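Below is one structure, written out as structure tokens, with a few remarks after it.
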Amino acid sequence: MIRAILSAGLSASLYAVLYAVFWAGPALLGTLATARAADQGYELIERGRYVATVSDCVACHSAPGGVPYAGGTRLFTPFGTLVGPNITPDKETGMGLYTEAEFRRVLREGIGRGEKRLYPAMPYPAFSKLSDDDITALYAYMMSIQPVRNVVEANQLPFPFNQRILMLGWNWLNFDPKPLEVRTDKPAEWNRGRYLVEAAGHCGACHTPKTMLGADDTSRALRGTSLQGWVAPDITGDRRYGVGRWSVEQIVQYLQNGSNGHSNASGPMAEEIQNSSSRMTEGDLRAIAVYLLDQEGRSGPAPTPVAATDPRMVAGAAIFKDRCSACHGDNGQGASYLFPRLADSGVVQADDPATLIHLVLAGSRAAATDRLPTAPAMPPFHWRFTDEQVASVLTYIRNSWGNAAPAVPPGDVGKLRAPLLAGE
Ligand code: HEC
Ligand code: HEC
Ligand code: HEC
């Protein structure tokens, strides 16, 4: 629609140029300038569209199945539920009245129109590091989309968290809006990668452990943390827990296709890939990979695996052979692009086994992207296994083939079973 209007606009000015050549020689220069301005407007909007894609604005500002950017996404935080507001340029129910300066302030300072202090569920601590030019382009794009009337009540937090004034203190304690200075000791690609990961892509919003106050614990940046019922694993260059065992190409493939022959993306990462990283340029994905591989993982001695003779391991081995090895292989080696590898996998060895419990109880379908449209599925096992059996098979895969991670307590399975089956 926008494209159509713009190209109509462009061909109209082209027509004007031709007209001018024949009939109005002296007016030619002025008309050319108008054509160029239209061109620049188009380029700016396209650049803004890309910034919005990398920043995945659509994820939190669109209801499932609803109009993009019209709001209504429920976001669960440890403090209660927030709803992503309507950010289409509708003047009454969206952000149609926002000036560029006001929009810039949302991203830079987390302050909306009318001095509204936003909750950091809107990842402004990351967006505050966006470049001036990217914010200008993003504003041009957001103002170019179709306005949609849709009333959204964003804040559904209980008292006292519903008091926006609290954010004044939160920001004072946790928010340090420093721009990313270019690291001259690192290549340009690394610096671009840092910008994409730390600013626009806000990867740390999911992958960085949080402090008690829900802020990023930057001393453990990108080392993995629990989300609701999922785990966003360590994505540093750590070889056991992180992506250090992957090549740049394998990271690029994962972010492009949701699969790289080692691991398949599920849950929130599958969405992130569909909306955002599968639409990034290959150069940008390489930059992200170079930056991630250069991030330091946790230190300390390698953990000791649970002994193969432990009764939980013996029970788990039998279940694995029966129910899992047909797809994942006898030695957890997986099958390229179809079934993820479980040996030396960061997801399998993550501190919190929530993702594993989630997958075994409820099953999952991997991300389908344009490049890899058939998404293989993992069947649900909730109806077949007790909490104890799920715990045993997971303890087994976390401590076989070179993996080592704490045993899974059956109680952890029990805690996730009821909400998962109720579809929460
Ligand atoms: C991880 C989820 C998330 C992402 C990603 C996100 N937002 Fe938000 N955004 C929110 C939430 C939640 C709020 C409401 C916060 C509140 O009520 O304090 C919000 C608020 C806003 C507001 C203020 C609206 C108002 O009520 O005045 C604007 C503007 C906005 N976002 C724009 C964007 C843009 C542009 C992007 C992409 C660069 C983006 N958001 C990405 C969650 C998100
Ligand atoms: C909304 C939360 C969220 C955001 C934002 C997010 N991720 Fe993830 N990511 C996850 C989850 C959850 C997983 C685990 C997926 C699984 O278990 O299949 C994951 C997995 C990954 C993996 C695979 C790790 C492995 O060992 O299998 C990589 C690489 C990754 N993310 C990179 C990124 C990058 C780069 C960004 C920013 C551009 C990003 N993620 C943003 C939630 C997120
Ligand atoms: C019919 C084939 C099939 C069977 C049987 C199967 N899985 Fe899977 N499994 C998959 C597929 C496909 C995925 C990727 C799904 C996704 O990422 O959403 C997967 C993903 C996983 C993952 C996540 C790996 C990662 O890196 O993200 C784990 C762990 C896992 N399966 C464990 C098991 C266990 C334990 C069993 C037996 C109880 C089992 N699977 C049985 C097909 C299967």
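The values are calculated or read from the model by the stated rules, or taken from the named source; none is laboratory data. Keep in mind that this is a model prediction, so the values were computed, not measured. FYI the Cβ positions are ideal-geometry reconstructions off the backbone, even for glycines, and counts take in every protein chain you see. Side chains are part of the model used for accessible areas, which takes the heavy atoms of the whole protein and leaves out ligands, DNA and RNA. Shrake-Rupley method; radii C 1.70, N 1.55, O 1.52, S 1.80 Å.
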Handout entry: Complete set of residues in the stretch 99-116 that are crowded, with 17+ Cβ neighbours inside 10 Å and in contact (Cβ under 8 Å) with a residue 12 or more places away in the chain
Key = F103, R104, V106, L107, R108, G110
Exercise for the section: Tell me, yes or no, whether the stretch 220-239 has at least one residue that is part of a helix (DSSP H, G or I), modelled with pLDDT of 95 or more and either acidic (D, E) or under 19 Å from Y124 (Cα atoms) (or both). Expected result: no
Exercise for the section: Please find, within the stretch 60-98, the residue that is farthest from ligand 2 (Cβ to nearest atom) out of those that are buried (at least 18 other Cβ atoms within 10 Å of the Cβ) and of a type in the set (A, V, I, L, M, F, W, C). Expected result: M95
Practice task
Output the helices (runs of 4 or more DSSP H) that fall wholly within the stretch 117-214 and possess 2 or more residues being touching a Pro at 6+ places or on another chain (Cβ under 8 Å), or say none.
Solution key: 132-144, 166-174, 204-207
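Residue by residue, here is whether (1) within 22 Å of A140 (Cβ to Cβ); (2) of a type in the set (F, W, Y) holds:
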{"residue": "A59", "(1), (2)": "yes, no"}
{"residue": "P64", "(1), (2)": "no, no"}
{"residue": "F79", "(1), (2)": "no, yes"}
{"residue": "N86", "(1), (2)": "yes, no"}
{"residue": "P89", "(1), (2)": "yes, no"}
{"residue": "E92", "(1), (2)": "yes, no"}
Handout entry: Among (1) at pLDDT below 90; (2) open to solvent by less than 50 Å² (accessible area, probe 1.4 Å) - the single one V51 does not satisfy
Key = (1)
Exercise for the section: Go through P233, P268 for me and flag whichever is under 15 Å from the mean Cα position of the chain (by Cα) and either within 16 Å of ligand 1 (Cβ to nearest atom) or without any contact (Cβ under 8 Å) to a residue 60 or more places away in the chain (or both). Expected result: P268
Completion exercise
Scanning the stretch 270-299 for residues that are among the small types (G, A, S) and open to solvent by less than 60 Å² (accessible area, probe 1.4 Å), the one farthest from W190 (Cα to Cα) turns out to be A270
